[in-house]
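The values are calculated or read from the model by the stated rules, or taken from the named source; none is laboratory data. Predicted, not measured: the structure shown is a model, and the values here were computed from it. Glycine gets a Cβ as well: all are built from the backbone with ideal geometry, and neighbour counts include every protein chain shown. To get the accessible areas, we keep the full protein, side chains included, count just its heavy atoms, and leave off ligands, DNA and RNA. Shrake-Rupley method; radii C 1.70, N 1.55, O 1.52, S 1.80 Å.
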Amino acid sequence: MTAVTARAHTNIALVKYWGKADPNLMLPQTSSLSLTLDQFYTDTTVEFDSRLTRDMVQINDQLLATPASQKVVDFLNIVREQSGQSAFAHVTSVNHVPTAAGLASSASAFAALAGAASRAAGLELTPRALSRLARRGSGSATRSIYGGFVEWQAGSDDRTSLAIPLQETVDWPIAVVALVLDPHHKRISSRQGMQSSVTTSPYYPAWKSVVAQDLATIKPAILHQDFSTMGEVLESNAMRMHALTLSAQPPYSYFNGDTLRAMDTVRVLRQAGQECYYTLDAGPNLKVFCQTPDLPAITQKFAEQFGTEHVIVAHPGPGLRFLS
(Lines give C-alpha, C1' and ligand atoms only; values in the text may rest on other atoms or scores of the structure.)
Protein backbone atom coordinates (compact mmCIF):
# COMPACT_ATOMS: atom_id res chain seq x y z
CA MET A 1 0.00 0.00 0.00
CA THR A 2 1.13 3.57 -0.68
CA ALA A 3 2.00 5.92 2.17
CA VAL A 4 0.90 9.53 1.66
CA THR A 5 2.18 12.53 3.61
CA ALA A 6 0.32 15.83 3.78
CA ARG A 7 1.10 19.14 5.49
CA ALA A 8 -1.56 21.56 6.72
CA HIS A 9 -1.16 24.81 8.61
CA THR A 10 -3.14 26.18 11.51
CA ASN A 11 -5.48 29.11 11.13
CA ILE A 12 -6.58 31.85 13.46
CA ALA A 13 -10.18 32.96 13.28
CA LEU A 14 -10.80 36.67 12.87
CA VAL A 15 -14.56 36.14 13.03
CA LYS A 16 -15.12 33.20 15.34
CA TYR A 17 -16.94 29.92 15.08
CA TRP A 18 -18.30 29.19 18.56
CA GLY A 19 -21.05 26.61 18.74
CA LYS A 20 -22.32 23.64 16.78
CA ALA A 21 -25.73 23.21 15.18
CA ASP A 22 -25.05 19.49 14.56
CA PRO A 23 -22.26 17.92 16.68
CA ASN A 24 -22.24 14.71 14.62
CA LEU A 25 -21.69 16.41 11.25
CA MET A 26 -19.78 19.28 12.88
CA LEU A 27 -22.11 21.87 11.39
CA PRO A 28 -21.58 25.32 12.96
CA GLN A 29 -24.14 27.72 14.30
CA THR A 30 -22.59 30.53 12.23
CA SER A 31 -20.16 31.12 9.42
CA SER A 32 -16.62 32.26 10.30
CA LEU A 33 -13.47 33.70 8.73
CA SER A 34 -9.80 32.99 9.38
CA LEU A 35 -6.20 33.56 8.32
CA THR A 36 -3.94 30.55 7.74
CA LEU A 37 -0.53 30.96 9.42
CA ASP A 38 2.87 29.86 8.13
CA GLN A 39 4.67 29.05 11.40
CA PHE A 40 2.34 26.40 12.84
CA TYR A 41 1.65 23.19 10.94
CA THR A 42 1.13 19.43 11.10
CA ASP A 43 2.75 16.74 8.94
CA THR A 44 0.74 13.51 8.75
CA THR A 45 1.52 10.25 6.98
CA VAL A 46 -1.17 7.61 6.41
CA GLU A 47 -0.73 4.10 5.04
CA PHE A 48 -3.51 1.53 4.84
CA ASP A 49 -2.15 -1.98 5.49
CA SER A 50 -4.18 -5.20 5.25
CA ARG A 51 -1.80 -6.85 7.73
CA LEU A 52 -2.88 -4.57 10.58
CA THR A 53 -5.51 -5.76 13.05
CA ARG A 54 -6.37 -2.24 14.25
CA ASP A 55 -5.57 1.38 13.41
CA MET A 56 -2.19 2.47 14.75
CA VAL A 57 -2.01 6.16 15.60
CA GLN A 58 1.29 7.79 16.50
CA ILE A 59 1.42 11.49 17.36
CA ASN A 60 4.70 13.23 18.15
CA ASP A 61 6.49 9.86 18.54
CA GLN A 62 3.88 8.58 20.99
CA LEU A 63 1.72 5.57 20.08
CA LEU A 64 -1.82 6.31 21.25
CA ALA A 65 -4.02 3.71 22.88
CA THR A 66 -7.81 3.76 22.95
CA PRO A 67 -9.61 6.02 23.90
CA ALA A 68 -6.94 8.64 23.10
CA SER A 69 -6.91 7.58 19.45
CA GLN A 70 -10.69 7.30 19.08
CA LYS A 71 -11.23 10.63 17.28
CA VAL A 72 -8.67 9.64 14.65
CA VAL A 73 -10.18 6.15 14.30
CA ASP A 74 -13.65 7.63 13.88
CA PHE A 75 -12.32 9.90 11.16
CA LEU A 76 -10.60 7.02 9.39
CA ASN A 77 -13.92 5.16 9.45
CA ILE A 78 -15.48 8.05 7.49
CA VAL A 79 -12.66 7.83 4.93
CA ARG A 80 -13.12 4.05 4.67
CA GLU A 81 -16.85 4.50 4.17
CA GLN A 82 -16.32 7.04 1.38
CA SER A 83 -13.54 5.14 -0.39
CA GLY A 84 -14.49 1.50 0.03
CA GLN A 85 -11.11 0.87 1.66
CA SER A 86 -11.38 -1.84 4.32
CA ALA A 87 -7.85 -2.08 5.72
CA PHE A 88 -6.72 -0.52 8.94
CA ALA A 89 -4.22 2.33 8.76
CA HIS A 90 -0.96 3.40 10.28
CA VAL A 91 -1.05 7.12 11.04
CA THR A 92 2.08 9.07 11.96
CA SER A 93 1.62 12.73 12.80
CA VAL A 94 4.00 15.44 13.96
CA ASN A 95 2.52 18.66 15.33
CA HIS A 96 4.63 21.78 15.02
CA VAL A 97 2.06 23.52 17.23
CA PRO A 98 1.61 23.67 21.02
CA THR A 99 -1.29 21.24 21.41
CA ALA A 100 -4.60 22.28 23.06
CA ALA A 101 -3.41 25.78 23.90
CA GLY A 102 -5.71 27.79 21.67
CA LEU A 103 -3.43 27.76 18.62
CA ALA A 104 -5.70 25.58 16.46
CA SER A 105 -3.61 22.41 16.54
CA SER A 106 -6.75 20.37 15.76
CA ALA A 107 -7.27 22.43 12.60
CA SER A 108 -3.91 21.58 11.09
CA ALA A 109 -4.06 18.01 12.44
CA PHE A 110 -7.37 17.05 10.86
CA ALA A 111 -6.77 18.98 7.64
CA ALA A 112 -3.50 17.07 7.17
CA LEU A 113 -5.22 13.81 8.12
CA ALA A 114 -8.03 14.46 5.64
CA GLY A 115 -5.55 15.00 2.83
CA ALA A 116 -3.24 12.08 3.62
CA ALA A 117 -5.94 9.54 4.51
CA SER A 118 -8.20 10.29 1.56
CA ARG A 119 -5.39 10.05 -0.98
CA ALA A 120 -3.90 6.94 0.65
CA ALA A 121 -7.37 5.34 0.42
CA GLY A 122 -7.49 6.04 -3.32
CA LEU A 123 -9.66 9.16 -3.30
CA GLU A 124 -8.75 12.22 -5.36
CA LEU A 125 -10.80 14.95 -3.69
CA THR A 126 -11.18 18.56 -4.74
CA PRO A 127 -10.30 21.24 -2.16
CA ARG A 128 -14.02 21.79 -1.53
CA ALA A 129 -14.52 18.07 -0.87
CA LEU A 130 -11.43 17.97 1.35
CA SER A 131 -12.80 20.94 3.29
CA ARG A 132 -16.06 19.07 3.91
CA LEU A 133 -14.15 15.95 4.96
CA ALA A 134 -11.78 17.81 7.30
CA ARG A 135 -14.80 19.39 9.01
CA ARG A 136 -15.86 15.95 10.26
CA GLY A 137 -12.73 15.78 12.40
CA SER A 138 -12.55 19.38 13.62
CA GLY A 139 -14.66 22.34 12.62
CA SER A 140 -11.74 24.73 12.23
CA ALA A 141 -9.91 22.17 10.05
CA THR A 142 -12.41 23.08 7.34
CA ARG A 143 -10.56 26.34 6.85
CA SER A 144 -6.99 24.93 6.93
CA ILE A 145 -7.41 23.31 3.52
CA TYR A 146 -6.81 26.76 2.04
CA GLY A 147 -4.14 29.40 2.56
CA GLY A 148 -4.64 33.09 3.26
CA PHE A 149 -8.03 34.46 4.30
CA VAL A 150 -10.72 31.78 4.30
CA GLU A 151 -14.46 31.83 5.01
CA TRP A 152 -16.20 28.77 6.41
CA GLN A 153 -19.75 28.98 5.17
CA ALA A 154 -22.02 27.44 7.79
CA GLY A 155 -24.41 25.90 5.27
CA SER A 156 -27.31 23.75 6.36
CA ASP A 157 -26.07 20.19 5.79
CA ASP A 158 -22.99 18.10 5.06
CA ARG A 159 -22.94 19.16 1.41
CA THR A 160 -23.17 22.90 1.94
CA SER A 161 -21.00 23.42 5.05
CA LEU A 162 -17.50 24.05 3.70
CA ALA A 163 -14.75 26.62 3.40
CA ILE A 164 -14.02 28.85 0.41
CA PRO A 165 -10.99 31.10 -0.05
CA LEU A 166 -11.55 34.84 0.22
CA GLN A 167 -7.96 35.87 -0.54
CA GLU A 168 -5.47 33.00 -0.90
CA THR A 169 -2.53 35.20 -1.91
CA VAL A 170 -2.09 37.86 0.75
CA ASP A 171 0.03 40.54 -0.88
CA TRP A 172 -0.15 43.17 1.83
CA PRO A 173 2.21 43.44 4.82
CA ILE A 174 0.34 41.57 7.56
CA ALA A 175 2.13 39.88 10.44
CA VAL A 176 0.80 37.97 13.43
CA VAL A 177 2.73 37.92 16.70
CA ALA A 178 1.81 34.74 18.56
CA LEU A 179 2.34 35.00 22.31
CA VAL A 180 2.69 31.51 23.77
CA LEU A 181 1.78 32.45 27.33
CA ASP A 182 0.82 28.92 28.39
CA PRO A 183 1.63 25.93 26.12
CA HIS A 184 -0.18 23.38 28.30
CA HIS A 185 -3.52 21.68 27.78
CA LYS A 186 -6.47 23.88 28.58
CA ARG A 187 -8.83 22.74 31.33
CA ILE A 188 -12.00 23.15 29.26
CA SER A 189 -11.87 21.89 25.69
CA SER A 190 -13.30 23.91 22.83
CA ARG A 191 -16.08 21.37 22.39
CA GLN A 192 -17.06 21.54 26.05
CA GLY A 193 -16.89 25.31 26.05
CA MET A 194 -18.98 25.71 22.92
CA GLN A 195 -21.72 23.42 24.18
CA SER A 196 -21.88 25.22 27.50
CA SER A 197 -22.13 28.64 25.83
CA VAL A 198 -24.78 27.53 23.33
CA THR A 199 -27.02 25.98 25.97
CA THR A 200 -26.58 28.31 28.95
CA SER A 201 -25.46 31.80 27.89
CA PRO A 202 -28.42 34.20 27.68
CA TYR A 203 -26.45 36.19 25.10
CA TYR A 204 -25.96 33.39 22.57
CA PRO A 205 -28.84 34.48 20.27
CA ALA A 206 -27.20 37.93 19.99
CA TRP A 207 -23.89 36.27 19.06
CA LYS A 208 -25.35 35.08 15.76
CA SER A 209 -26.25 38.63 14.82
CA VAL A 210 -22.79 39.84 15.86
CA VAL A 211 -21.11 37.30 13.58
CA ALA A 212 -23.30 38.17 10.59
CA GLN A 213 -22.52 41.88 10.98
CA ASP A 214 -18.80 41.29 11.55
CA LEU A 215 -18.53 39.14 8.42
CA ALA A 216 -20.31 41.78 6.38
CA THR A 217 -17.81 44.39 7.62
CA ILE A 218 -14.55 42.46 7.58
CA LYS A 219 -14.71 40.86 4.13
CA PRO A 220 -14.65 44.13 2.15
CA ALA A 221 -12.04 45.48 4.59
CA ILE A 222 -9.75 42.55 3.72
CA LEU A 223 -10.33 42.89 -0.01
CA HIS A 224 -9.56 46.64 0.20
CA GLN A 225 -6.57 46.09 2.52
CA ASP A 226 -8.20 48.22 5.21
CA PHE A 227 -6.09 47.10 8.16
CA SER A 228 -7.74 49.35 10.75
CA THR A 229 -11.28 48.14 10.09
CA MET A 230 -10.13 44.53 9.94
CA GLY A 231 -8.32 44.92 13.26
CA GLU A 232 -11.23 46.58 15.02
CA VAL A 233 -13.57 43.79 13.94
CA LEU A 234 -11.27 40.91 14.86
CA GLU A 235 -10.58 42.33 18.32
CA SER A 236 -14.19 43.09 19.21
CA ASN A 237 -15.36 39.74 17.81
CA ALA A 238 -12.89 37.89 20.03
CA MET A 239 -14.01 39.71 23.14
CA ARG A 240 -17.67 39.12 22.38
CA MET A 241 -16.97 35.41 21.92
CA HIS A 242 -15.26 35.29 25.30
CA ALA A 243 -18.22 37.14 26.81
CA LEU A 244 -20.16 33.96 26.03
CA THR A 245 -17.84 31.95 28.25
CA LEU A 246 -18.13 34.44 31.09
CA SER A 247 -21.93 34.46 30.81
CA ALA A 248 -22.34 30.67 30.70
CA GLN A 249 -23.60 28.68 33.67
CA PRO A 250 -21.29 27.91 35.34
CA PRO A 251 -19.07 30.71 34.00
CA TYR A 252 -15.58 29.89 32.78
CA SER A 253 -12.69 31.72 31.16
CA TYR A 254 -9.69 30.88 28.99
CA PHE A 255 -7.79 33.97 30.15
CA ASN A 256 -5.01 34.02 32.70
CA GLY A 257 -3.08 36.90 34.23
CA ASP A 258 -0.60 37.07 31.36
CA THR A 259 -3.48 37.19 28.86
CA LEU A 260 -4.83 40.32 30.53
CA ARG A 261 -1.36 41.88 30.74
CA ALA A 262 -0.81 41.26 27.02
CA MET A 263 -4.19 42.81 26.16
CA ASP A 264 -3.22 45.93 28.09
CA THR A 265 0.12 46.04 26.25
CA VAL A 266 -1.66 46.00 22.89
CA ARG A 267 -3.70 49.02 23.94
CA VAL A 268 -0.54 50.82 25.13
CA LEU A 269 1.20 50.09 21.82
CA ARG A 270 -1.77 51.43 19.86
CA GLN A 271 -1.78 54.63 21.86
CA ALA A 272 1.94 54.99 21.12
CA GLY A 273 1.32 54.75 17.37
CA GLN A 274 2.09 51.08 16.70
CA GLU A 275 -1.24 49.93 15.29
CA CYS A 276 -2.03 46.39 16.43
CA TYR A 277 -5.05 44.34 17.48
CA TYR A 278 -5.41 41.10 19.42
CA THR A 279 -7.49 38.00 19.12
CA LEU A 280 -7.56 34.64 20.91
CA ASP A 281 -9.52 31.43 20.70
CA ALA A 282 -10.09 28.76 23.35
CA GLY A 283 -6.86 29.29 25.24
CA PRO A 284 -4.83 32.00 26.96
CA ASN A 285 -2.46 32.71 24.08
CA LEU A 286 -2.86 36.02 22.30
CA LYS A 287 -2.36 36.52 18.57
CA VAL A 288 -1.52 40.13 17.79
CA PHE A 289 -2.16 41.40 14.25
CA CYS A 290 0.07 44.17 12.99
CA GLN A 291 1.74 45.44 9.83
CA THR A 292 5.38 44.64 9.13
CA PRO A 293 6.74 48.20 9.59
CA ASP A 294 5.51 48.08 13.21
CA LEU A 295 6.77 44.55 13.83
CA PRO A 296 10.18 45.35 15.41
CA ALA A 297 8.75 47.66 18.07
CA ILE A 298 5.89 45.29 18.88
CA THR A 299 8.02 42.16 19.17
CA GLN A 300 10.59 43.99 21.30
CA LYS A 301 7.88 45.12 23.71
CA PHE A 302 6.47 41.63 24.15
CA ALA A 303 9.94 40.06 24.39
CA GLU A 304 10.75 42.44 27.25
CA GLN A 305 7.48 41.54 28.93
CA PHE A 306 7.31 37.76 28.46
CA GLY A 307 10.70 36.63 27.12
CA THR A 308 11.90 36.18 23.55
CA GLU A 309 11.14 32.45 23.58
CA HIS A 310 7.42 33.18 24.08
CA VAL A 311 7.13 35.48 21.05
CA ILE A 312 6.70 33.90 17.60
CA VAL A 313 6.22 35.91 14.45
CA ALA A 314 3.96 34.40 11.80
CA HIS A 315 2.73 35.55 8.42
CA PRO A 316 -0.07 34.42 6.10
CA GLY A 317 0.48 30.75 5.28
CA PRO A 318 -0.34 28.28 2.51
CA GLY A 319 -3.06 25.71 2.15
CA LEU A 320 -2.83 21.92 2.28
CA ARG A 321 -0.05 20.36 0.24
CA PHE A 322 1.19 16.82 -0.30
CA LEU A 323 4.80 16.03 0.56
CA SER A 324 4.72 12.48 -0.84
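Data overview
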item	result
Residue check, S83 open to solvent by 10 Å² or more (accessible area, probe 1.4 Å), closer than 16 Å to D43 by Cα and either touching a Gly at 6+ places or on another chain (Cβ under 8 Å) or not small (G, A, S) (or both)	no
Filter result for D49 (at pLDDT 95 or above and either under 21 Å from V4 (Cβ atoms) or within 14 Å of the chain's Cα centre (by Cα) (or both))	yes
Filter pass, V233 being in contact (Cβ under 8 Å) with a residue 12 or more places away in the chain, buried (at least 18 other Cβ atoms within 10 Å of the Cβ), under 21 Å from G147 (Cα atoms) and of a type in the set (A, V, I, L, M, F, W, C)	yes
Enumerated strands (runs of 3 or more DSSP E) restricted to segment 222-324, each holding at least 3 residues that are closer than 30 Å to A116 by Cα and under 24 Å from the mean Cα position of the chain (by Cα)	311-314
Of all residues making up segment 117-142, the number that are open to solvent by 10 Å² or more (accessible area, probe 1.4 Å), among the charged types (D, E, K, R) and under 20 Å from M194 (Cα atoms)	1
P296 vs. criteria open to solvent by 50 Å² or more (accessible area, probe 1.4 Å), farther than 20 Å from L234 by Cα and either touching a helix residue (DSSP H, G or I) at 6+ places or on another chain (Cβ under 8 Å) or without any contact (Cβ under 8 Å) to a residue 12 or more places away in the chain (or both)	yes
Residue within segment 306-322 that is at positive phi and open to solvent by less than 30 Å² (accessible area, probe 1.4 Å) present	yes
Residue list for segment 221-230, filter: surrounded by fewer than 16 Cβ atoms within 10 Å (Cβ to Cβ) and of a type in the set (A, V, I, L, M)	L223
Yes/no for V91 being in a helix (DSSP H, G or I), of a type in the set (A, V, I, L, M), open to solvent by less than 40 Å² (accessible area, probe 1.4 Å) and touching a residue at least 12 places away in the same chain (Cβ under 8 Å)	no
Any pair with Cβ under 6 angstrom, 6 or more apart, that starts in segment 301-324 at a residue that is closer than 19 Å to I174 by Cα and ends at one that is in a loop (DSSP other than H, G, I, E, B) and open to solvent by less than 50 Å² (accessible area, probe 1.4 Å)	P316/G148; P316/V170; G317/G147; P318/G147; G319/Y146; G319/G147
Strands (runs of 3 or more DSSP E) within segment 144-220 that include 2 or more residues in contact (Cβ under 8 Å) with a residue 40 or more places away in the chain and open to solvent by less than 10 Å² (accessible area, probe 1.4 Å)	149-153, 174-179
Sole exception among (1) of a type outside the set (S, T, Y); (2) assigned to a helix (DSSP H, G or I); (3) within 14 Å of the chain's Cα centre (by Cα) for A129, by number	(3)
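The rows are residues; the columns are (1) open to solvent by less than 60 Å² (accessible area, probe 1.4 Å); (2) touching a residue at least 12 places away in the same chain (Cβ under 8 Å); (3) part of a loop (DSSP other than H, G, I, E, B).
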site	(1), (2), (3)
L14	yes, yes, no
T53	no, yes, yes
L63	no, no, no
A68	no, no, yes
I78	yes, yes, no
